[in-house]
Amino acid sequence: MNLPTSNKTTDPTTAQSAIKWEGDVACVSQWLATQVLSAEKRAPRVKDARACLLRLLASKIGTERVAAENALVWMVLHTRPVKSLSPGQRRALLAAPNAEGTDWAAFILDKNLIRHLLKQGRWWHRCRFAQSKFGFDFADEGVNFVWERIEKYRDDTGDFRVWLETVLGNYWIGLHRKWKRSVPKGSDTAQALDLLAVGKDELWKKARVTRIAPLNSAASAAKSMAKFSSADIATMSRWEPIDGVLMGIETGVWSQIPRELWSQWIKRLKLDPWGFGAMSAMTPQQRRIELAKLTGIKQNTLTKRWQRLKPELSRLHCFTALRANAIDAE
């Protein structure tokens with residue numbers, strides 16, 4: 001079976017005719033994938049084979065779509081460590097695959113399937129909720145979680161999209177259990193977590209989920225910030241000095257932190273207590289960069305610490321006044 005070659009992208013009619021040449025659409029998809037992996041990047045048949053695979057992937061006929069998905073996964077398996085593959089998977093691989101082809105397959109799976117799913121329905125709501133409430137980028141972390149397990153997919157067990165939903169669902173359940181322990185029982189956040197855990201989109205839209213409002217400047221923060229309670233001070237005194245200083249500059253409220261506690265943090269970090277005045281006019285990101293310079297800690301490390309620290313702010317009474325209204329799903 002030879003694909004017709006052309007100087008332009010293969011049109012739907014040509015792609016469909018190529019599919020009809022062989023009765024078994026799974027065989028056709030596998031053959032197309034082999035063409036992509038076996039030929040040079042500029043070969044006309046590679047361009048036509050890719051177009052045919054994309055046509056199958058966008059098909060409304062389930063068997064065609066699943067066959068294309070399985071072919072793409074098979075192409076990507078060529079990039080996985082041999083030890084992570086089953087004997088059957090190893091035997092099915094080509095001896096010398098074209099790296100351009102495997103990269104293309106990975107790109108299509110990532111963009112058209114994995115990331116596309118995370119932008120839909122309850123997954124979009126889950127990503128938005130995780131980012132706003134816990135500072136957790138579920139979209140990127142979810143994609144990484146899937147790629148780390150891609151070799152566990154078996155094309156003879158069902159639909160790749162069903163498998164994808166299952167893998168992401170298991171990941172969310174683990175995060176749900178972790179986050180549920182960190183929020184007060186019966187709170188709006190706890191209720192929203194439960195609703196999102198079961199994927200009830202229509203209930204999630206009605207759920208009231210509070211989050212800490214973004215602070216545009218140190219001045220606005222100081223104006224709206226309530227005083228730290230004795231319970232807040234007791235909680236913060238158990239923090240690492242870098243976390244306390246990081247919270248102060250990220251929210252712009254370092255001037256309201258009890259002087260004794262703030263001085264203790266600054267002293268342990270060996271920082272100049274007068275070096276924070278110029279930060280008042282900076283954005284949180286600029287202040288983080290400045291803190292990285294002062295402490296010698298990498299900015300990426302500070303960013304990660306801040307993401308982990310965010311959930312702790314919801315336990316401080318002083319931030320009650322900064323809670324925003326519900327997040328309305330669009």
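Just so it is clear, none of the values below were taken in a lab; they were calculated from the coordinates. Computed from a prediction, not measured in an experiment: that's the story for all the values here. Methodologically, a virtual Cβ is constructed for each residue, glycine included, from the backbone with ideal geometry; neighbour enumeration extends over all protein chains shown.
Can you pull out the GluC sites (Glu not before Pro) in segment 21-126 that DSSP calls coil and that have at most 10 other Cβ atoms within 10 Å? Can you show the working numbers first?
Numbers: sites: Glu22, Glu40, Glu64, Glu69, Glu100; in loops: Glu22, Glu40.
When the GluC sites (Glu not before Pro) of segment 21-126 are filtered for loop state and at most 10 Cβ neighbours within 10 Å, Glu40 remain.
3J(HN,Hα) along segment 86-95, derived from phi through the Karplus expression 6.51 cos²θ - 1.76 cosθ + 1.60 where θ = phi - 60°, amounts to 7, x, x, 5, 5, 5, 7, 7, 7, 6 Hz, with x in place of Gly and Pro.
Here the Karplus relation 6.51 cos²θ - 1.76 cosθ + 1.60, evaluated at θ = phi - 60°, turns the backbone of segment 235-249 into coupling constants of 5, 5, 5, 8, 6, 5, x, 5, 5, x, 5, 4, 4, x, 7 Hz, with x for every Gly and Pro. Within 13 Å, Cβ to Cβ, of Asp232, how many net charges do the neighbouring residues add up to if Lys/Arg are +1 and Asp/Glu are -1? With Lys, Arg at +1 and Asp, Glu at -1, the neighbours total +2.
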